[in-house]
Structure formats: C-alpha cells, structure tokens
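As structure tokens, the structure follows; a few thoughts come after it.
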Amino acid sequence: MNALLWLFNTIIQLYIYVLVASAVLSWLVAFNVVNVRNPIVSQIGEFLYRVTEPVLRPIRNLLPNLGGIDISPIILILLLLFAQKLATDLYVQLAF
C-alpha cells in the first residue's frame with residue numbers, strides 16, 4: 001500500500017510540473033520570447049496542450065470570465081494538492 005501511495009503522489013507531482021511548464025510556455029509564446037514556428041517548441045507546446053487541456057477545459061467552463069486572466073491551472077494545482085493530502089491522510093488513518 002505504501003508503494004501505491006508513493007506512485008500516486010509522484011504522478012500528481014509530475015502532473016503539477018507539466019501544468020507549470022504549460023503555463024510558462026503559454027506566457028513565453030504570448031510575449032514572443034519563443035516562436036511556435038520552431039518545430040521543437042511546436043511539438044513541446046502540442047504535447048503540453050494535449051496533456052493539460054482535457055483537465056483544464058471543465059474548470060474553465062465553470063469559472064466566470066476574468067478577461068485575459070486564466071486561473072484554471074492554479075485551481076487545478078490546488079485540487080491536486082488537496083487530493084494528494086487527502087490520500088496521505090487516509091492512508092495514515094487506515095494504517096494505524
């Protein structure tokens with residue numbers, strides 16, 4: 001059971017890193033720091049979009065329009081951290 005909890009926590013932590021990378025890349029593209037015509041940047045951006053968009057889209061649909069500000073990654077990160085803490089607490093309660 002401890003190995004499953006470690007795997008669950010590791011997957012959540014990796015997904016949080018992917019969310020942060022996706023947000024940073026979107027900022028870099030928006031401010032013309034990187035060019036999406038570069039094939040490597042394009043492939044990385046496409047990968048990050050395909051991995052994060054299916055989870056972020058329902059959150060964006062629930063949020064009100066905030067203009068140009070997208071806080072859905074922040075909300076998803078908070079939800080993932082909550083799930084991680086909840087799983088750890090449940091494991092500790094069941095183990096003892």
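The values are calculated or read from the model by the stated rules, or taken from the named source; none is laboratory data. Computed from a predicted model, the values in this text were never measured in an experiment. Glycine also receives a Cβ, built like all others from the backbone with ideal geometry; neighbour counts cover every protein chain displayed. Each accessible area value is taken on the protein alone, full model and side chains, heavy atoms only, with ligands, DNA and RNA left out. Shrake-Rupley method; radii C 1.70, N 1.55, O 1.52, S 1.80 Å.
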Quick check on region 18-27. Is at least one of its residues among the aliphatic types (A, V, I, L, M), free of Cβ contacts under 8 Å to residues at least 24 places away in the same chain, touching a Gly at 6+ places or on another chain (Cβ under 8 Å) and over 30 Å from residue 95 (Cβ atoms)?
yes
Scan region 55-67 and report the pairs whose first residue is closer than 18 Å to residue 20 by Cβ and open to solvent by 80 Å² or more (accessible area, probe 1.4 Å) and whose second residue is among the acidic types (Asp, Glu) and modelled with pLDDT under 95, with Cβ atoms within less than 8 Å and a gap of 6+ or a chain change.
60/70
Taking the stated definitions as given, is residue 77 under 9 Å from the mean Cα position of the chain (by Cα) and surrounded by 15 or more Cβ atoms within 10 Å (Cβ to Cβ)?
yes
Within the chain, which helices (runs of 4 or more DSSP H) (wholly inside it) include 2 or more residues that are among the acidic types (Asp, Glu)?
39-62
Kindly indicate whether residue 40 is more than 16 Å from residue 79 (Cβ to Cβ) and of a type in the set (A, V, I, L, M).
yes
Inside region 12-47, the number of residues satisfying the requirement of being of a type in the set (D, E, K, R) and either open to solvent by 90 Å² or more (accessible area, probe 1.4 Å) or touching a Ser or Thr at 6+ places or on another chain (Cβ under 6 Å) (or both) is 1
